[in-house]
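See below for the structure under consideration.
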Amino acid sequence: MPLDLNLETPDLWLALPQFIVFGLAIALLFGDAFVARTRHFVWLTGLSLVGYLAALVALVGQANENATTFYGLFRADGLTVFLSVIILSAAVLTVMVSASYVERLEGRMPIGEFYVLLAFSVLGAMLVAAAGDLVMVFVGIELSSLATYVLAAFAKRRLTSVEGALKYFLLGIFASAILAYGMAWVYGVTGSTDLDAIARSLAASVGGDEFLDPALLLGLLLLTVGLGFKMAAVPFHFWTPDAYDGAPTPVTAFMSVVPKAAAFAATVRIFVQALGPLRDEWVTLLSVLALLTMAFGNIVAISQRNVKRMLAYSSIAHTGYMLVGLAAYQATGGTGFGAGAGDGDQGVSSLLYYILAYNFMNIGAFAVVTWLQHRGRGLTLDDFGGLATTHPLAAAAMAVFMVSLMGVPPLIGFYAKYYVILAAIDADLLWLAVAVVVLSAVSAFYYLRLVAVMYFNEPEGQPRQADTRLLDVGIAGMVIATIALGLFSTPIIDLADKWESALTVAGQVAGR
């Protein structure tokens with residue numbers, strides 16, 4: 001389908017999901033101001049769920065779109081749709097996990113403000129997913145990040161929450177400055193911030209055995225550092241353990257998925273769509289980052305007895321697995337995964353599937369931690385002791401999430417790693433594929449240790465009772481998704497393969 005460049009009248013319908021989320025944020029602001037405090041939990045929670053579900057429905061009409069609007073700043077293509085589905089589903093799950101937590105724990109935090117910040121963070125991430133210009137990428141990342149900084153400090157009565165949020169904020173703005181500086185160098189070399197225009201400029205000027213402009217290499221390095229901070233890749237991960245540990249647990253669940261999805265959305269838009277002709281330069285760099293991130297996250301997670309910190313380092317390790325998919329981008333010669341795949345690329349498709357899988361199994365793991373906190377338990381391994389005896393369904397749910405994160409069939413986590421490994425092998429990155437297998441085996445130690453504690457340790461006292469019906473439904477839904485989306489992965493991969501509609505410049509798929 002040819003790209004429809006509409007440079008005269010903005011097509012507002014292409015941005016309907018984003019407008020719905022923006023309208024939701026405004027509605028929540030008014031609801032927080034005018035709805036009686038005693039009804040905030042029911043009304044604002046319901047409004048949030050309806051708003052995000054409406055945005056998901058609006059995405060259905062864009063499944064086959066491939067157009068730009070707002071003078072090229074905004075794109076509606078396969079990449080936009082898939083990433084937006086991940087972000088919105090993460091928002092729905094976060095509301096289900098956080099509603100009772102925000103209302104009843106941590107000193108009764110203001111639930112209206114929480115939902116407003118959540119909506120703006122989701123909106124920023126969706127704008128990054130749909131960005132067609134470096135300016136839009138930066139604005140979307142900053143909108144999402146600023147809201148997430150505040151959410152990380154939302155339990156303001158806890159010193160660890162404020163400390164973690166402060167580290168997150170300081171390193172985040174430092175990364176934003178580096179990212180903006182890298183974008184400035186790319187603009188200086190190519191003369192444009194439009195992603196397609198950058199790709200055309202590079203495709204025309206880069207070729208043969210010529211040396212690259214040092215300014216372009218500097219810009220590429222700065223972009224890697226800035227985006228590495230945003231996605232928590234080693235060695236730019238310093239903020240992650242303290243921010244994840246200090247933030248309210250539902251916020252940690254959200255932070256572990258949506259900012260990461262936004263960072264990878266920006267990376268695909270910039271590196272693959274705009275800097276595709278430089279693939280030979282950045283693929284080795286990302287491969288090394290992937291190996292360092294996988295190794296560090298898994299090895300350090302072994303020593304953690306605090307479950308939130310263990311999941312924080314696990315999140316770093318999964319960033320490494322996702323980077324393997326990005327490093328496996330070939331620019332040409334790929335076969336794709338879907339049944340109708342022809343000259344597609346497996347790398348980015350495997351990355352997208354991995355983010356979707358990570359969404360359900362990681363938020364699910366934090367949801368069970370939240371469930372235990374409602375019942376007076378803490379965050380250490382000992383607090384999970386004997387959970388299978390006192391609450392067998394909760395223990396079974398946590399076991400499903402742990403085993404899926406480890407990558408055991410037939411759960412969705414296995415297929416996520418399977419597709420990443422296939423993409424790495426197809427891209428002649430056998431050493432990286434082997435690293436995924438070996439380090440996944442290493443991760444079995446700390447994932448199965450938690451399962452063993454739940455099933456083989458004696459319970460320490462009887463957990464108190466708590467009314468968490470919405471949270472229970474959310475956990476059950478994530479368990480079902482973790483099992484079912486692995487068994488029926490083919491339609492998802494077919495949808496992920498449509499990301500290639502984002503590539504509209506011939507020079508991008510030619511390599512260098």
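The values are calculated or read from the model by the stated rules, or taken from the named source; none is laboratory data. Since this is a predicted model, take the numbers as computed values, not measurements. Because the Cβ atoms are built from the backbone with ideal geometry, glycine has one as well, and the counts that use them run over all protein chains shown.
Descriptive notes on the structure:
- Of the candidates ALA466, ALA388, ALA441, ALA399, the single residue that is surrounded by fewer than 23 Cβ atoms within 10 Å (Cβ to Cβ), small (Gly, Ala, Ser), at pLDDT 90 or above and farther than 18 Å from TYR358 by Cβ is ALA441.
- Summed over segment 261-310, the residues that are within 20 Å of the chain's Cα centre (by Cα), of a type in the set (S, T, N, Q) and modelled with pLDDT of 90 or more give a count of 4.
- Of the residues in segment 71-81, at least one is surrounded by 24 or more Cβ atoms within 10 Å (Cβ to Cβ), acidic (Asp, Glu) and at pLDDT below 95.
- Residues (within 22 Å of the chain's Cα centre (by Cα), surrounded by 15 or more Cβ atoms within 10 Å (Cβ to Cβ) and under 16 Å from MET398 (Cα atoms)) located in segment 469-495: LEU471, GLY474, ILE475, GLY477, MET478, VAL479, ALA481, THR482, ILE483
- Pick from segment 354-403, criterion in contact (Cβ under 8 Å) with a residue 12 or more places away in the chain and not in a helix (DSSP H, G or I), ranking: nearest to the chain's Cα centre (by Cα): LEU379
- Options THR319, THR252: the member that is among the polar types (S, T, N, Q), in contact with a Gly (Cβ under 8 Å, 6 or more places away or on another chain) and under 25 Å from SER144 (Cβ atoms): THR319
- Residue count for segment 56-70 satisfying the condition of being over 21 Å from ALA197 (Cα atoms), surrounded by fewer than 20 Cβ atoms within 10 Å (Cβ to Cβ) and not polar (S, T, N, Q): 6.
- Residue, nearest to LEU326 (Cα to Cα), within segment 441-471, restricted to residues that are without any contact (Cβ under 8 Å) to a residue 60 or more places away in the chain and small (Gly, Ala, Ser): ALA441
- Qualifying residues in segment 125-139 (those that are part of a helix (DSSP H, G or I) and surrounded by 24 or more Cβ atoms within 10 Å (Cβ to Cβ)) - the one farthest from the chain's Cα centre (by Cα): LEU134
- Scanning segment 424-443 turns up no residue that is among the charged types (D, E, K, R), in a helix (DSSP H, G or I), closer than 22 Å to LEU311 by Cα and touching a helix residue (DSSP H, G or I) at 6+ places or on another chain (Cβ under 8 Å).
- Matching residues, segment 241-260, being within 17 Å of PHE120 (Cα to Cα) and more than 13 Å from the chain's Cα centre (by Cα): PRO250, VAL251
- Filtered by the rule that a residue be among the aliphatic types (A, V, I, L, M) and more than 21 Å from LEU470 (Cβ to Cβ), segment 32-75 gives ALA33, ALA58, LEU59, VAL60, ALA63, ALA67, LEU73.
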